[in-house]
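The values are calculated or read from the model by the stated rules, or taken from the named source; none is laboratory data. Worth saying up front: this structure is predicted, and the values here are computed from it rather than measured. Using ideal geometry, Cβ is built from the backbone for each residue, glycine included, and neighbour counts are taken over all protein chains shown. Protein only, heavy atoms only, side chains kept; ligands, DNA and RNA dropped before computing areas. Shrake-Rupley method; radii C 1.70, N 1.55, O 1.52, S 1.80 Å.
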Amino acid sequence: MRQSAISWMIGLGLFLTTACPAPPLLADEGVTADASVAVDMSLEDLLNVEITSAARKSQRLNDVAAAVYVITREDIERSGATSIPEALRLAPGVSVARLANNRWAVSIRGFNSRFSNKLLVLMDGRSMYSQLFSGVLWEVEDTLLEDIERIEVIRGPGAAMWGANAVNGVINIITRRARDTQGNLLVAGGGSEESAFASFRHGMAVGDGHLRVWGKAFARDESVAPQGQTANDDWRAARAGFRGDWTMGSGHRMTVSGQAYYGSTDDTWLVPDIRSPWGATPNDVSQRTQGGFLLARDEWTLADGSEAVVQAYVSSGELKIPGSLSERRTTVDLDFQHRILLGERHDLIWGLGYRYSRDDISSTGMISIRPQQQSFSLASAFIQDEITLVPETLRLLFGLRLEDNSFSGFAPQPSGRVIWTPSEHQSLWASVSRAARIPSRAELGADVDGAVIPARSPINPTPLPILVRNFANRDLGDEDLLAYEMGYRHQFGRALSLDVALFYNVYDDLRGRQTGVPRLVPPPPLPYLLFPVFPDNSVRARTHGVEVAADWYPLPWWRIQPIYSYLDLRASSKTGDAASLESVATFNNSDPRHQWALRSSMSFSQRQQFDLWLRHVGKLATSGSPLYVPAYTTLDLRYAWRPTRDLELSLVGQNLLDGQHPESVASLLPSRNLEIQRGWYLKGRWQF
Amino acid sequence: MRSFLRYALLALVGALATVTEVAAQAAVSEAQAKAGFVLNFARYVEWPERVFAARDAPILLCVLARDDVATALTALDGRQVQGRPIAVRRLANADEARPCQVLFIAESESRRLALTLRAVAGQPLLTVSDADAFIDAGGAIGIVRGDGRLQFEVNRAALDQAQLKASSNLLKLARNLAEAKGRN
């Protein structure tokens, strides 16, 4: 039965891709025969003309000397994705593994884990990086998906421009201007995994500008354990926000935005326990997060024609896992940028930034973080010069960022790029850059129970249980990357574009671990052997890979976007220590070697859309290893119907090719390994 | 749930079977549509009489672009608007824009947008662009995308500064000035 439904869906997909009635041929879009038609149209008619060309996106992209992929609002909507991490699967070179219904591991070009730490994620210039874990808690950060204008995914180091932690990539989420979101929007729906969701937005004119206010809430269903039992990972969240944009008389453009959120995500931890004959006791935990931010930005053009931006934000949040951890943090961030065009050749940007973050952390049980309160500060300065050597043909970019932070000190991060655009349809670029990752608060101050090996078990024949405990290392240094990249883009006629990127990355001082001296800990409550493990900078790695993205319009109403990513990651230990080798094994087995996806988007007369998204992710590790995750191929389908221009109903099926599949294994925190289920949901979207 | 899936699929197939209007699409490329917009803007904007040397002097449409919009705009050469012929001229840089009445700046030229707008500030010149956030940068009319269609935004302060009068017909269709309504 299940099988037949699936073969049906595939059959339907094939039917659509082959047997759809072709519209009377518009031939190539470049035809001039019809030019007079558009030109003689009235404004009212022109406002109703449907536009299908992809030219806009590729034109802007053709100019960038980096591996950039832009996920547009339309891409997100047509993918059926219901969260930011799910939408990131649309970009090549990005690994997205859903650990549970409320947790993701997202990385670019390797080193994937729930606390992937080599990625900088920004939303409208605000860093979403958690100082505590040096990663992004995807279950905490969110916005109204309909408000996202685009997500720029920049693979490769962006440190010279964006700052520390932009080691393997930068994800830049840009929301729409308030004036583009006028009127009311109501989105509501529900289904099997997406139990229920609703969002509302209201946009209005205020003074010489516009303002929108919005709110959203959802509840998500639980996933399942490998054997099919229901997992304890449901998710409820609510948030509200606003954004206002004003143009002042003086030419200043002000943006003010803010958000408040609340979320509750459940999980079951297998807490290491020396009293347990299995070494661990399952413990249901409930993570509660709440907080908000306020951001203001002012952009203006100076008298000499140069442009300046000043931005400030305050964010404050609380993360509570009763029985183990509670973190309260307030961050203040200031940023200034100035762009000057010097003559015909130099396009100069320089800037200054300062961030101050203060936390208050209490911890009990398996986690102990010290000191309880700590502040972190980071000051940075950067400059980038884009030099035009041959107008419209050859450009050089030099960037340098100097950063000083209170955790690990001074780090210079330079980059050099060159881009050659022999025509407006093709470009070839290459770059060399250096980036650093600052150690996180947890790495410098957290002691965490890793595992208990019960007494008289195959690997522990002693009569005492062994507790492996990860200790903090206050002397941990930065991780370092030297990256070599190149890429090529080509627009073939009006209907096809191709983007290829190659990279070779050399990492040093990656965080590994080293074993300390075991000792006997006397009762109470029980005697046990303590095996301490400390983080160190003992791992080296080299990665290389290729990412390919194509964008093809076989017909004006049909778009096909294939992507492919290849990654080869080889880590090695500088010390040969057993714990360091274990870290190496984790690095070497956390990322799929091959990934590909194929998207097909069909638009029937603006009233109906049919979208198909086929994805394949290669295996992790080898069968038998605790890190093993088999390869999987899955399919999402979406059908949308617009009875009127302002109302859209859509039906989305997700992960249709199997009942459930795992995408990752738990890392760091002792969560259970869970699997992602097939799901569907129905959604209504009404603008009024 | 599985049976729901089945019904959903049936409904979907039914819906698709009724799609006979698939073919009814207009054959207009984005570049041509943009040229159509520019022509209409020229139709609905009034320049101070002194900018024209003679009663039948042409409206000079200058183009700062390398892309296919430039090609589509070139095709407007010789058309009549407000009783005047349109003359199209392609520019190498903004300093040559002084005699123009309309200046189209393509998105591909947006890198130097601030400088370009500065070079033409205060002149009786209608600036139009398909660059992102053009009116925020001080441009007069921005062509934008929304809802799979092209729309436009008007910067009234910029029009005033350039001593141009836009007809109410134009203003009421501008996305940013229209009565608050979703459609985006």
Quick check for me: using +1 on Lys/Arg Cβ and -1 on Asp/Glu Cβ, what's the dipole size of segment A:296-425 about its Cα centre, in debye to the nearest 20? 620
Full-stretch length increase - A:R328, A:F398 - with 0.36 nm per residue and alpha-carbon distance subtracted: 21.3 nm
Using only the Cα atoms, work out Rg/Rh for segment A:135-253, with Rh taken as the Kirkwood radius, to two decimals. 1.08
How large is the charge dipole for the protein assembly as shown, taken about the Cα centre, if only the Cβ atoms of Lys, Arg (+1) and Asp, Glu (-1) carry charge, to the nearest 20 debye? 780
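FRET efficiency for A:L496 and A:D40, Cβ-Cβ distance as r, R0 = 25 Å, nearest 0.05?
On the way: r = 30 Å, r/R0 = 1.21.
Efficiency computed from Cβ-Cβ geometry: 0.25.
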Amide H to amide H under 5 Å from A:Y528: which residues, 5+ apart in sequence or cross-chain, H placed 1.01 Å off N in plane? A:V521
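Express the accessible area of the protein assembly as shown per residue in Å², computed with a 1.4 Å probe while the remaining protein chains stay in the model. Walk me through the numbers on the way to the answer.
On the way: 33910 Å² over 872 residues.
Ligands and nucleic acids excluded, the figure is 39 Å² per residue.
Averaged across B:116-124, how many Cβ atoms of other chains sit within 10 Å of each residue's Cβ atom? Intermediate values should be presented prior to the final figure.
On the way: counts 1, 2, 4, 1, 0, 1, 0, 0, 0.
Average neighbour count from other chains, rounded to a whole number: 1.
Let me confirm one metric for peptide B:143-153, namely the mean number of other chain beta-carbon atoms within 10 Å of its residues' beta-carbons. Spell out each step's value before the answer.
Values: counts 1, 3, 4, 4, 8, 8, 8, 6, 3, 3, 3.
Mean partner shielding for this stretch: 5.
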Among A:S257, A:S192, A:W235, pick out the residue whose Cα is farthest towards the positive end of the charge dipole of segment A:192-271, where Lys and Arg carry +1 and Asp and Glu carry -1 on C-beta, about the Cα centre. A:S257
Between A:L428 and A:A188, how high is the FRET efficiency from 1/(1 + (r/R0)^6) when r is the Cβ-Cβ distance and R₀ = 51 Å? Nearest 0.05. 0.60
Normalised Cα Rg of segment A:148-209, dividing by 2.2 N^0.38 Å with N its residue count, works out at 1.66
Take peptide B:96-109, look around each residue's Cβ out to 10 angstrom, count Cβ atoms belonging to other protein chains, and average those counts. 1
Modelled label-to-label distance, A:N283 and B:Q80, 7 Å Cα→beta-carbon offset: nm? 8.6
So if each residue of separation counts as 0.36 nm, and I subtract the Cα-Cα distance between A:A219 and A:T515, what length gain in nm does that give? 102.3 nm
In whole Hz, with x marking every Gly and Pro, tabulate ³J(HN,Hα) for segment A:155-162 from phi via Karplus 6.51 cos²θ - 1.76 cosθ + 1.60, θ = phi - 60°. 7, x, x, x, 4, 4, 8, 9
Accessible surface of A:Y553 in the full protein assembly, 1.4 angstrom probe, to the nearest 10 Å²? 40
If you line up the long axis of helix A:578-588 against the longest principal axis of chain A, both from Cα atoms, how many degrees apart are they, to the nearest 10? 20
Long-range HN-HN contacts of A:E193 with modeled amide H, under 5 Å: A:W680
Using only the heavy atoms of the protein chains and a 1.4 Å probe, how would A:V468, A:V167 rank by accessible area, largest first? A:V468, A:V167
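If packing is taken as the average number of other Cβ atoms within 10 Å across a peptide's residues, how do A:223-234, A:519-530 rank, most packed first? If you can, show how the numbers build up before the last one.
Values: A:223-234: 16.2, A:519-530: 11.3.
Sorting A:223-234, A:519-530 by mean packing, highest first, produces A:223-234, A:519-530.
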Could you tell me the convex hull volume per residue, in Å³, taken over the Cα atoms of chain A? 161
Under the Karplus relation with 6.51, -1.76 and 1.60 and θ = phi - 60°, whole-Hz ³J(HN,Hα) for segment A:367-374, x at Gly and Pro, equal 10, 9, 10, 10, x, 5, 10, 8
Distant-in-sequence amide H partners of A:E149 (H built 1.01 Å from N, under 5 Å): A:I174, A:T175, A:R176
So for the pair A:V546, A:S375, with labels modelled 7 Å out along Cα→Cβ, what separation do we get in nm? 5.2
Hey, rough spin-label estimate for A:L649 and A:N48, points 7 angstrom out along Cα→Cβ, what's it come to in nanometres? 2.4
Vicinal HN-Hα couplings computed from phi for segment A:138-152 (Karplus, 6.51 cos²θ - 1.76 cosθ + 1.60; Hz; Gly/Pro x): 5, 7, 9, 8, 6, 7, 6, 4, 5, 8, 6, 7, 6, 10, 8
With the label point 7 Å along the Cα-to-beta-carbon line of B:R55 and a cut-off under 18 Å to each amide N, the hits in segment B:143-172 are none
Backbone N within segment A:539-559 under 17 Å of label point (7 Å from A:Y504 Cα along the Cβ vector): A:541-547
Cα-centred dipole magnitude for segment A:58-203, charges only on beta-carbon of K, R (+1) and D, E (-1), debye, nearest 20: 380
